[in-house]
Amino acid sequence: MLNYYNSAASAFTPKTHRAWVEVSFSNLRHNISTIKNVIGETKLMGVVKANGYGHSSVEVAKVLLEEGVGYFGVATLEEAMELRQAGIETPILLLGPTPPYQREIVEHDIGITVFNEAAILEWSQALLRDKATLKKPVDMHLKVDTGMRRLGCEPDEVAYLSNLITSNDLLNLVSFYSHLSTADNDREYALHQKRLFDKAIGELKLNGRGEPLYHIANSAGVLLGSEFHYDMVRTGLAMYGIDPTEISELDFRPVLALKSRIGNIKSIVKGESVSYSRNFIADRDSKIAIISIGYADGLPRSLSNKANVLIRGKTAPIIGNITMDQSIIDITDIDGVELGDEVVLIGSQGDTTITASDWAQMLNTISYEVVCIFKVRLPRVFV
Ligand SMILES: *Cc1c(COP(=O)(O)O)cnc(C)c1O
């Protein structure tokens, strides 16, 4: 259903793609082992929401499984179901708000995040109604807000809400968690959140049921030190090879590359313009090439006259306005460019690399958003 990425990719060989997202499984495996070296025995939850941060969630999840990752985090029910329909049976945590009761969620063993009385009661009443046929409890993950001010109950509600769950046999308290808001830029505030989390753990009412898993760290939280790791860490960005702090000593290798091909080559004379609106005028006789990727693929139009690409191991600027399906680069100083040549927009060629962070800087955003902008139209190619 949602997995049109792969079906699009499988219809053609990479040789015929005009543009594509390349996903390096070997770098993914490398990053997982890098994270595992840091967390030791702590469990690893692979966060594969938003189509695995644009990398293709099912394919990524299968590699993670092979690397021994036994837990997945997603944002929506559709994302959870996509994994289940691909035959993935490991525990999944729905990180978003508590969904309304649907028995399929329980049947498919999808763990839900809870943080308020109304949702817990709705679920327990519905489970009671369906008890005779459903025959299993729902997996609940109680979330406390320690300072992100997004999802989660207030710390002073932890005792009451945890008691509601653990005093009811139809509800299974799998984990107790929170989320750091400044793990990448403010250790003091992260420590403040950790103290609130520790205090909240002390207030849990377990009613003799087993101890839940405790977790608070995202990728940047992993780098804050083992006191932030608890029983499990939830990593997305670092797994995809982007250093969340940009200054860690660890060797994270980018998993995503963005590539296209040369679709046409032309010569223009000094004073001629290229593309819509004529906002690039050649200041010399030039050789230009058309690359087969545009804003409908996720190449932001705001990178017109800003971003560079790599071709034949050299750097070439994008000139003029990026159009829906195609863009223009200046290849005057690059010899031997031919129709069909591979162009790198994010990734490496020769000794040069363009990273998602480079784009993030030009776009005034963060690398998280960059890897998520590539559209369905771009096939994902796994290498
Ligand atoms: C997305 C998400 C993560 C993963 O964050 P990264 O910074 O990519 O590691 C972890 N926890 C929650 C609750 C999330 O929503």
Likely footprinting exposure, Met324, Met232, fewest C-beta neighbours within 10 Å first: Met324, Met232
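For region 205-364, rounded, prolate or oblate, judged on the Cα gyration tensor with a ≥ b ≥ c (square roots of eigenvalues), a/c < 1.5 rounded, else prolate if a/b > b/c?
Working: a/c = 3.50, a/b = 2.88, b/c = 1.22.
Taking the square roots of the gyration eigenvalues as a ≥ b ≥ c, region 205-364 is prolate.
Hey, could you grab the Kirkwood Rh for region 270-383? Inverse mean 1/r over distinct alpha carbon pairs, Å, one decimal. If you can, show how the numbers build up before the last one.
Details: mean 1/r = 0.0681 Å⁻¹.
With all distinct Cα pairs of region 270-383 included, I get 14.7 Å.
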Filter on Lys49/Lys314; Lys43/Lys199; Lys43/Lys205; Lys62/Lys306 - keep pairs with C-alpha separation over 32 Å: Lys49/Lys314; Lys62/Lys306
Net charge of Cβ neighbours under 11 Å - reference Asn218; Lys, Arg +1; Asp, Glu -1: 0
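What does the charge add up to near Trp123, with Lys and Arg as +1, Asp and Glu as -1, over the other residues with Cβ less than 12 Å from its Cβ?
On the way: positive: Arg103, Arg129; negative: Glu117, Glu122, Asp130, Asp139.
Taking every other residue near Trp123 into account, the sum is -2.
Run the numbers for Leu206 and Tyr189: contour at 0.36 nm per residue of separation, minus the present Cα-Cα distance, in nm. Working shown, then result.
Details: separation 17, 0.36 × 17 = 6.12 nm, distance 2.85 nm.
This chain segment gains 3.3 nm when fully extended.
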Proximal aspartates and glutamates to Lys375, defined as alpha-carbon separation beneath 16 angstrom and excluding residues fewer than eight positions away on the same chain: Glu22, Asp297, Asp325
Under the Debye formula (equal points on every Cα, no solvent term), log10 I(q)/I(0) of region 202-265 at q = 0.26, 0.28, 0.29 Å⁻¹: -1.11, -1.20, -1.23
Per-residue [θ]222 nm for the chain (sum of -39500 (n - 2.57) over DSSP H runs n ≥ 4, rounded to 500): -8000 deg cm²/dmol
Within a Gaussian network of the chain (alpha carbon springs, distance under 10 Å), most fluctuating of Val337, Val48, Val255: Val337
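Which net charge results for the neighbourhood of Gly350, defined as the other residues with beta-carbon distances under 11 angstrom from its beta-carbon, given Lys and Arg at +1 and Asp and Glu at -1?
Working: positive: Arg312, Lys314; negative: Asp351.
Around Gly350, the surrounding residues sum to +1.
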Span per principal axis, largest first, for the Cα atoms of the chain (Å): 80, 46, 37
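Can you give me the Kirkwood hydrodynamic radius for region 29-101, using every pair of distinct Cα atoms, in Å to one decimal? Write out the running numbers ahead of the final one.
Numbers: mean 1/r = 0.0796 Å⁻¹.
Radius from the Kirkwood sum: 12.6 Å.
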The chain - charge dipole about Cα centre, Lys and Arg +1 at Cβ, Asp and Glu -1, debye rounded to 20: 780 debye
Highest-fluctuation residue, Lys287, Lys270, Lys314 considered, GNM on the chain with Cα pairs under 10 Å: Lys270
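Bear in mind that the values in this text are calculations on the coordinates, not laboratory data. Please read all numbers here as calculations on a predicted model, not as lab measurements. Note: ideal-geometry Cβ built from the backbone for every residue, glycine included; neighbour counts use all protein chains shown.
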